[in-house]
1. What are the residue pairs meeting all of these: first residue in the stretch 63-79, first residue more than 19 Å from residue 97 (Cβ to Cβ) and in contact (Cβ under 8 Å) with a residue 40 or more places away in the chain, second residue part of a helix (DSSP H, G or I) and among the acidic types (Asp, Glu), Cβ atoms under 9 Å, and 6 or more apart or on different chains?
2. Step by step: first the residues of the stretch 35-65, then only those that are touching a strand residue (DSSP E or B) at 6+ places or on another chain (Cβ under 8 Å) and exposed (fewer than 13 other Cβ atoms within 10 Å of the Cβ), then the one that is farthest from residue 171 (Cα to Cα). Which residue is that?
3. Read through the list (1) at pLDDT 95 or above; (2) assigned to a helix (DSSP H, G or I), then give the number of the only condition that residue 59 fails.
Amino acid sequence: MKDHLFAPDHDMMFGENFATYVDPTGFDDSAEGVSRPGHFRGVATVVTKLFNIIQPTHAYFGQKDAAQCCLIRRIAKDLDMDVEIIIMDTIRETDGLALSSRNAYLTPEERNVAPIVYQSLCASRDLYHSSLRLPNTNHASIPAQLLIEKVKSVLHSEPLVSNVQYVSVDNKDTMRPITDNVTSDGAVISLACQVGKVRLIDNIIL
C-alpha cells in the first residue's frame, strides 16, 4: 500500500465566489471559540470539504485541541458521514510539553519552563482522582471551580507564564462547561496561556 498526500492550495479549496460554510452550533461559545471567533466555522467547513473530496473510511486527529476533536466527531455524526473518527493521544516531549509548531518560537528560557502547562493539568487531575478516593463517599465529586483554581495556581507560580487566557472544565462529549461538580463520569480540562509571547494550548481527560 502506498502513501498519498493531498495538499490543496487555498484557491483549490475556496475558489472564486465561494459562499457555503458549515457553521456548527455552540462551539463559538466554548472557551477556545470565545478566544478565536469564527475559528470553528472554518474548521468545520474545511474538514467537511476534505471528507467529501477524499471519502476516507477512517480519519485520525490528535487530542491536543479537545474542542476541535469534539467538533469533528459531531459533524461526522450530524451530517451522516461514512467515516470513523479516531482521536489519538497528544504526542509529548519527554518533559510533558505537547508537540506543536509554536514551540519553535519559545526562547531557551521559555522552553525550559513551558512544561508547567502540562504540569498544571496533571496537578488538577491528581486533585480530581484524590476526591474519588475519599472514604464514605458513595457519589464522589469535586467542584469544577476547584480544578480550575488548581491549574491557575500552578501556572501563576511561573513568572514567564504571562497570560492565562482560559482554564475550562467541560463535558467530554459536548465541550459544554461544567459549572457545578465533576463526578466519576469525568470531564476534560483545557487551557490556553502564553509563555512569553507564545500562545500554547493543552488539555487532559479525567
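1. 67/32
2. Of everything passing the filter in the stretch 35-65, 57 is farthest from residue 171 (Cα to Cα).
3. (2)
To keep it simple, each residue is scored yes or no on (1) assigned by TED's automatic domain parsing to the domain that holds residue 76; (2) under 19 Å from the mean Cα position of the chain (by Cα); (3) at pLDDT 95 or above; (4) not polar (S, T, N, Q).
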{"residue": "132", "(1), (2), (3), (4)": "no, no, no, yes"}
{"residue": "138", "(1), (2), (3), (4)": "no, no, no, no"}
{"residue": "146", "(1), (2), (3), (4)": "no, no, yes, yes"}
{"residue": "150", "(1), (2), (3), (4)": "no, yes, yes, yes"}
{"residue": "159", "(1), (2), (3), (4)": "no, no, yes, yes"}
{"residue": "186", "(1), (2), (3), (4)": "no, yes, no, yes"}
{"residue": "190", "(1), (2), (3), (4)": "no, yes, yes, no"}
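The values are calculated or read from the model by the stated rules, or taken from the named source; none is laboratory data. Note that the structure is a prediction, hence the values are computed from the model and not measured. Heads up, the Cβs are rebuilt from the backbone with ideal geometry, glycines too, and the neighbour counts pull from every protein chain shown.
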